[in-house]
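Below you'll find the structure, written out as structure tokens, and then a few comments.
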Amino acid sequence: MTLENLGWSDFFDQNFSIEQAGQGLMAARVWRTSKQIYHVLCEEGSFVARVSGHFRHRARISSDYPAVGDWVAIRLKPGAMEAEIRELLPRQTVFSRQAVSASGTESKSSEQVIAANVDVAFLIASLDGGRGFSLRRLERYLTLTRNSGARPVVVLNKADLADDAGRAADQAKEIASGAPVHTVSAIEKGGVAPLRQYVSEAVTLVLLGASGSGKSTIINSLAGVDLMRTSEVRQTDARGRHTTTWSELTVLDGGGILIDTPGLRDVQLWSGDMAVEETFAELQEIARQCRFRDCRHSGEPGCAVAAAIASGQIEETRLVSFKKQKEEIAAAMRRREHGEKLKHLKPLRPRRKKK
Ligand SMILES: Nc1nc2c(ncn2[C@@H]2O[C@H](COP(=O)(O)OP(=O)(O)OP(=O)(O)O)[C@@H](O)[C@H]2O)c(=O)[nH]1
Ligand SMILES: [Mg+2]
Ligand SMILES: [Zn+2]
């Protein structure tokens, strides 16, 4: 396997210096992580790796550690079973959300990396007639993707179960602000054909969507073999089963890199004010006509957005979603700033130990 097969590009070339290579370091890509163990692929094959002590010492927050899709500099110690991760290479794009930690202490202000160095994201919704198809969720995925730096592609799966797939596609196109929308059926032979155009050598694709939407099935269909485990959606609540529990990167034989992810229940937006504006591009366009430059479209005089809603040019739900996303990001930023302040307020003297 060559580095190109794994998605290596000029960007990484510029960030992985000859000096590093001189120290016997090699570039490798993380294809799976589990707790402290990293599974990496490099020109020499697949290895299990751990971060070095020095790496751990420098790492401050969870996003400083490697995630699936990351490029790392590793050292293969002769005779050792495990490789050592010395460096995390700068990320070209990164999908992240607000982390939810079990203790709840870190949760409010830390970033969890879902996948790194992704070129294209398939945003999967399911047309099974259940809750799998939500325009509001799609809007959030679009913001998440645009904020990551990757290109969004909307995929409406399970067209075979849809009452009116054409109507769903039209609705999705209306909110996609230019992102392509494809209607597919992953279980039918050749059903994923419209997605093949995105799969090619050195291009990294991530599949995002609720549990049961068919992410793993789409990967298997594109690969032509059952690489990923899939399972039936529970009939009772159509919420899926979380069959995929870890993100995993796969390199296809014919070229192309796919990252399967576990179903995201809800996407907490974490940053990306600009991305929100891209997601609601048509609304932003109209807002330029508002009398006040800082118009909040909440009843101000001369609000062009209000006028557009009144005339039926845009739907009010779009404005509601827009405000919600903006507020969510602002709240995350406030929490981060608050967290920063608290760090400065750390007690000068260590607290006395409890007896
Ligand atoms: N009818 C129909 N069923 C599909 C289609 N695509 C996937 N399925 C079925 O939907 C179920 C869930 O598919 P998965 O691929 O496991 O879904 P997933 O998104 O990977 O789910 P998680 O791993 O839990 O996040 C399986 O029973 C699939 O066979 C489709 O196009 N049509
Ligand atoms: Mg899956
Ligand atoms: Zn306005």
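Throughout, read-outs are computed from the coordinates displayed, never taken from laboratory work. These numbers come from a predicted model, not from an experiment. Note that each Cβ is placed from the backbone with ideal geometry, even for glycine, and that neighbours are counted across all protein chains shown.
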**Prompt:** Roughly how many whole Å is it from the C-alpha centroid of the range 72-86 to that of the range 128-146?
**Reply:** 40
**Message:** Once you place label points 7 Å from the Cα toward the Cβ at E4 and Q284, how far apart are they in nm?
**Reply:** 3.6
**Item:** GNM flexibility winner over the chain from S298, S148, S134 (Cα, springs under 10 Å)
**Value:** S298
**Message:** Show me the three semi-axes of the equivalent ellipsoid for the chain, from the C-alpha gyration tensor (sqrt of 5 times each eigenvalue), largest first, rounded to whole Å.
**Reply:** 36, 29, 19
**Sites H338 and E300 - FRET efficiency at Förster radius 41 Å, r taken between beta-carbons, to 0.05** = 0.90
**Asked** What's the exposure ranking of D163, D260, going from fewest to most Cβ atoms within 10 Å?
**Response** D163, D260
**Request:** For the range 95-260, report the convex hull volume of the alpha-carbon atoms normalised per residue, in Å³, without decimals.
**Result:** 120
**Request:** Two decimals is fine: what is log10 I(q)/I(0) at q = 0.13, 0.29 Å⁻¹ for the range 280-344, from a Debye sum with one equal scatterer on every Cα and no solvent?
**Result:** -0.44, -1.25
**Asked** For K173, which aspartates and glutamates qualify as cross-link partners when the Cα separation must be under 20 Å and same-chain residues fewer than eight apart are set aside?
**Response** D128, E139, D160, D163, D164, E277, E278, E282, E285, E315, E316
**Prompt:** Where in the range 1-98 are there trypsin sites (Lys or Arg not before Pro) that are in a DSSP coil and have at most 14 other Cβ atoms within 10 angstrom of their Cβ?
**Reply:** K35, R60
**Asked** Rg and Dmax of the range 10-90 over Cα atoms: what are they, in angstrom?
**Response** 11.7, 32
**Asked** Measuring from label point to label point, each 7 Å out along Cα→Cβ, what is the I61 to K323 span in nm?
**Response** 2.9
**Asked** Counting only the backbone N, which residues of the range 186-204 are under 11 Å from the spot 7 Å out from the Cα of N15 toward its beta-carbon?
**Response** none
**Prompt:** Lone cysteines in the chain, going by a 4.7 Å Cβ-Cβ cut-off?
**Reply:** C42, C303
**Message:** Neighbour counts of other C-beta atoms within 10 Å: give me K326, K77, K158, K215 arranged from fewest to most.
**Reply:** K77, K326, K158, K215
**Complete:** Rounded to whole angstrom, the alpha-carbon centroid of the range 271-321 lies from that of the range 147-210 at a distance of 27
**Asked** If we count chymotrypsin sites (Phe, Trp or Tyr not before Pro) as exposed when they sit in a DSSP loop and have at most 14 other beta carbons within 10 Å, what is the longest stretch of the chain that avoids them all?
**Response** 1-245
**Item:** Cα-based reach from K35 at 17 Å (exclusive), listing aspartates and glutamates while leaving out same-chain residues under 8 positions away
**Value:** D64, D70, E82, E84, E106, E111, E248
**Prompt:** If you place +1 on the Cβ of every Lys and Arg, -1 on the Cβ of every Asp and Glu, and leave all else neutral, what size is the dipole of the range 172-317 about its Cα centre, to the nearest 20 Debye?
**Reply:** 240
**Prompt:** Taking 0.36 nm per intervening residue step and subtracting the Cα-Cα distance, what contour gain separates L161 from E44 on full extension?
**Reply:** 37.7 nm
